[in-house]
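The values are calculated or read from the model by the stated rules, or taken from the named source; none is laboratory data. Everything numeric here is computed off the predicted structure, so don't read it as measured data. Every residue, glycine as well, gets a Cβ built from its backbone with ideal geometry; the counts of neighbours run over all protein chains shown. When the accessible area is computed, the model is the full protein with side chains, heavy atoms only, and any ligands, DNA or RNA have been set aside. Shrake-Rupley method; radii C 1.70, N 1.55, O 1.52, S 1.80 Å.
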Amino acid sequence: ILNIEGVQNLIVRKAGEMITKNIGTTVSIDRINIRGYNKLVAEGVFVQDYHGDTLLYAPRVTGNLSKTALLRKNITIGAITVKEPKIYIYQPADGILNLSEVVEKIPKKPDQDKKGGTITLRDIYISGAIFRYRSEKTESPDTTRWNGIDFSDMLLRDLNLGSHNLVIDGSDVSMNLY
């Protein structure tokens, strides 16, 4: 029954509603398709910040799960491809990044300090990304500008990024970028 696309999308929609309720901002995936036991395709991945703006939008994310990924504490995901994501980081005058606000709202388990499982993403490929950083925090012009570049308002387009062996182990994160 889990191989039926309508059932998969219902589960994802309910999970998105639960996450939205828990962290207090919209998290959604338009459509998901799990092929076989290890191929995942998600379309329309969206995370809204607490100002009502887009924090992250990815039109399409594909990934390969290890066959026993959901049965073990140590999850390994073979390859993830993200095409044309949009990432908007905003820092209002109070200095708190929109990303930090969302991450801080993710519920922590009572035993979070105990050693849990790890998540390993073997290969991540991001292509055609748009990254925007905008800050309204008042700082001296010397700290926001360097050689004519305004670091308080940056827009980077057509970014391509690769990562190998991204490991998330509790609060420790490591990876190799190329």
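The figures follow:
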read-out	value
Selection within segment 102-122 - more than 18 Å from Asp169 (Cβ to Cβ) and either open to solvent by 70 Å² or more (accessible area, probe 1.4 Å) or at pLDDT 85 or above (or both)	Glu104, Lys105, Pro107, Pro110
Segment 15-33 - residue that is hydrophobic (A, V, I, L, M, F, W, C) and part of a helix (DSSP H, G or I) and, of those, surrounded by the most Cβ atoms within 10 Å (Cβ to Cβ)	Ile23
Top-ranked residue of segment 34-60 - restricted to ones that are of a type in the set (D, E, K, R) and at pLDDT 90 or above, ranked as least open to solvent (accessible area, probe 1.4 Å)	Asp49
Failed item, numbered, when Tyr125 is tested on (1) part of a loop (DSSP other than H, G, I, E, B); (2) open to solvent by 90 Å² or more (accessible area, probe 1.4 Å); (3) at pLDDT 85 or above	(1)
